[in-house]
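Notes to accompany the following structure.
The values are calculated or read from the model by the stated rules, or taken from the named source; none is laboratory data. Because the structure is a prediction, the values reported are computed rather than measured. Cβ sites come from the backbone with ideal geometry, for glycine too, and all protein chains shown count toward neighbours. The protein model used for the area step is the full one, side chains on, heavy atoms only, and it has no ligands, DNA or RNA in it. Shrake-Rupley method; radii C 1.70, N 1.55, O 1.52, S 1.80 Å.
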Amino acid sequence: MPAYEVEWEDQVAVVEVAGDARDLTLTFGGRRVAVEMIPVAPGHCLARIDGTALAIAMREDGDGLVIDTGWERYRLRVRRRLPIPTRRGTRGGRETARAVPAPMPGLLVSVEVREGDPVRAGQVVAIMEAMKMRMEIRAPAAGTVKRVHARGGVEITGGQPIVTLE
Amino acid sequence: MLVANRGEIAVRVIRACRDLGMEAVAVYSVPDRYAPHARLADAAYPLRGAAPHESYLNIDALIDIARQAGAEALHPGYGFLAENPLLADACGAAGIAFVGPPAVVLRLCGDKAVARERIVAAGVPVLPGTSPIADVEAPAAARRVGFPLLIKAVGGGGGKGIHLVRTPEDLPGALRLARGEALTAFGDGRVYLERWVERARHVEIQILADHRAGVIHLGERECSVQRRHQKLIEESPSPALTPALRGRMGEAAVAVARALDYRNAGTVEFLVEGDSFYFLEVNARIQVEHPVTELVAGLDLVQWQFRLAGGEPLPFGQEAVRLSGHALQCRISAEDPHAQFLPSVGRIAAVVEPGGPGIRVDSGVQAGTEVSRHYDPLLCKVIAWGETREAAIARMRRALGETVIAGVQTTIPFHRWAVEEPSFAQGTYDTRLIEDRWERRPAPASPPEAVLLVAAAHAYLRDRTVRIPEYRRAAPRSPWREQDQ
């Protein structure tokens, strides 16, 4: 799934995107969100985010993106994120280790699992705080916590693995 | 009826013609060839050039076209030549009825100093001020008036040629600027001084006057939401007036009209500070904000301009005027509220107008309209009526949410903020609303999550469109790609 780094002032969020304009699935902070982009007029559209409508105006300005919504304006930069290796080599062709990375740089508030814990898909594995928002980092698939790479209370960079599942 | 103007007011006048069964003749400059006013009229004639002095300010060309089209009357709209007595004179000489006050009244209203003397004599309060002054007597005169003060051009109007002076040291430089501007804009370098009230409200009274000395007023319009002395939101009635103050101001406006022997529709502007009010000036034209009065008074002011110009007397007196409910108007201008309201030029790519109960739109633009640097940035006006102020604001909030004008930056984001702003909702705002509240509102701590998601979705769709030809063929056109066409 392609990932994008959305930069606002000195903050960066990582969002994974899949699908097409009528039916996009975005993954942000381990949460999956359905997004539909409905054209209204050139440069104006209605974004339907998990069903909730948001009218926006958007224009590209150099390598930046200017989004107007309500009465505020946001100047963002969006970059395709170069893939980082999140898959380890498989052993015996059966088991797959999978890192759960931080979606953005910020404070790792807490890690909610310990090594050896079984996890369900979508289970909260960590809590992060960035851009004045707290968010839950969820397991992308069911598995077992193989390693915990970081502990709560430390600043981590975007893409840094928090835990590895297998 | 020759409609000697452009934009939304030309459309407004053409509509009044239609409602009265009259034929409307439009004039258009080179960039306005396909503009709505030219398209809506029964006939349309070209003016040479784009700049106002070649086109909508060209009295000879307008009179020639009026003759050629067989026009019996001419409506000047607002701005351009609306208050220029030379156009009224030229119409008179050509046997064409001028829809507005007679030239003699226009001259009197334009000469602010003489008008002011008559109004003082009529017992209407004015701010401390001077007659036209020479540079050498200005410092002493300024001390008598008191600071802060405004330098105003004798021939000025519509917020142009006004300079604010806060200290005696700033006076000589501002005086030089004001004189230079006044000379360029109005051909008259005379200026006078008037006290400036920092936190006042700007309230004006609509009047109608016939040729038999019949004068009525149609209540007030609150116009305190301004930037650079230009209005952005108007409402009627004013949340600041008590019934007693409203009564006194209405009587004062009628006294002003009588003192100037005023005819046709006009506006008397006042500054209000607490329970006191001061005469500012007479606007001898239909105004941009006339629709709010139309909605509360239930009268078509442009039709009344036609009737009064045709010599019809007012068939009712003040006691018959009934004002009902509340109306407000947001001016949608091609200006960027996120960049100090700088004008934004370009081609209108699309327009979505609001509708539904209580909403009126007076617009001069459509998809394809070129917003040029030559003309006023006003694109259209959204006007809301409700039985109460709260109901009118709720309808305006709804209408602004429906409105889309693509291709240029507009004042819509500012208006959406204003209808949510507590001091606006409470009706306690003054002329410093934009400087004190909009420009100083706290910056958001971070974008809403939805904005981050939309940004990523946009980047993804853009990348897909470029990289995967099948997608590009199969997908509906992305709205973002059309921006630069």
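Being touching a residue at least 60 places away in the same chain (Cβ under 8 Å), open to solvent by less than 40 Å² (accessible area, probe 1.4 Å) and of a type in the set (Lys, Arg): is that true of residue B:227 here? Step through it out loud before you land on a result.
Working: touching a residue at least 60 places away in the same chain (Cβ under 8 Å): yes; open to solvent by less than 40 Å² (accessible area, probe 1.4 Å): yes; of a type in the set (Lys, Arg): yes.
In short, yes.
In segment B:415-435, what residues are closer than 13 Å to residue B:396 by Cβ and open to solvent by less than 40 Å² (accessible area, probe 1.4 Å)? Those that are closer than 13 Å to residue B:396 by Cβ and open to solvent by less than 40 Å² (accessible area, probe 1.4 Å): B:415, B:417, B:418, B:419, B:421, B:424.
So that you can scan it fast, the table gives a plain yes or no per residue for (1) aliphatic (A, V, I, L, M); (2) touching a residue at least 60 places away in the same chain (Cβ under 8 Å); (3) buried (at least 22 other Cβ atoms within 10 Å of the Cβ):
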| position | (1), (2), (3) |
| --- | --- |
| B:141 | yes, no, no |
| B:154 | yes, no, no |
| B:170 | no, no, no |
| B:174 | yes, no, no |
| B:182 | yes, no, yes |
| B:206 | no, yes, yes |
| B:216 | yes, yes, no |
| B:220 | no, no, yes |
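Just one of the numbered conditions (1) crowded, with 19+ Cβ neighbours inside 10 Å; (2) away from every other protein chain (no Cβ under 14 Å); (3) at pLDDT 95 or above; (4) out of contact with any helix residue (DSSP H, G or I) (no Cβ under 7 Å at 6 or more places or on another chain) is not true of residue B:377: (3).
Got a number for residues in segment B:185-204 being modelled with pLDDT under 80 and within 22 Å of the chain's Cα centre (by Cα)?
Initial filter on segment B:185-204 (modelled with pLDDT under 80): B:185-188.
This time we only want the ones that are within 22 Å of the chain's Cα centre (by Cα), so: B:185-186.
So the count comes out to 2.
Only one of B:352, B:365, B:345 is of a type in the set (A, V, I, L, M), within 18 Å of residue A:40 (Cβ to Cβ), surrounded by fewer than 19 Cβ atoms within 10 Å (Cβ to Cβ) and touching a residue at least 24 places away in the same chain (Cβ under 8 Å). Can you tell me which? From the options B:352, B:365, B:345, the qualifying one is B:352. Residues in segment B:380-424 that are within 10 Å of chain A (Cβ to nearest Cβ), touching a Ser or Thr at 6+ places or on another chain (Cβ under 8 Å) and under 19 Å from residue B:289 (Cβ atoms): B:410, B:412. Residue-level check: of (1) touching a Pro at 6+ places or on another chain (Cβ under 7 Å); (2) more than 8 Å from chain B (Cβ to nearest Cβ); (3) over 17 Å from residue B:459 (Cβ atoms), residue A:12 misses just (3). When residue B:132 is tested against (1) open to solvent by 10 Å² or more (accessible area, probe 1.4 Å); (2) at pLDDT 90 or above, only condition (2) is not met.
With respect to (1) in contact with a helix residue (DSSP H, G or I) (Cβ under 7 Å, 6 or more places away or on another chain); (2) within 18 Å of residue B:122 (Cβ to Cβ); (3) at pLDDT below 95, the lone exception for residue B:276 is condition (1).
Among the residues making up segment B:47-68, those that are over 25 Å from the mean Cα position of the chain (by Cα) and either crowded, with 20+ Cβ neighbours inside 10 Å or not aliphatic (A, V, I, L, M) (or both) are B:48, B:60, B:63, B:64, B:65, B:66, B:67, B:68. All conditions in (1) outside any loop (DSSP other than H, G, I, E, B); (2) at pLDDT 90 or above; (3) in contact with a helix residue (DSSP H, G or I) (Cβ under 9 Å, 6 or more places away or on another chain) hold for residue B:451, with the sole exception of (3).
Inside segment B:210-249, residues that are under 18 Å from residue B:316 (Cα atoms) and touching a Leu at 6+ places or on another chain (Cβ under 9 Å) make up a count of 9. Which condition breaks for residue B:189 when tested against (1) in contact (Cβ under 8 Å) with a residue 40 or more places away in the chain; (2) assigned to a loop (DSSP other than H, G, I, E, B); (3) more than 29 Å from residue B:302 (Cβ to Cβ)? Failing condition for residue B:189: (1).
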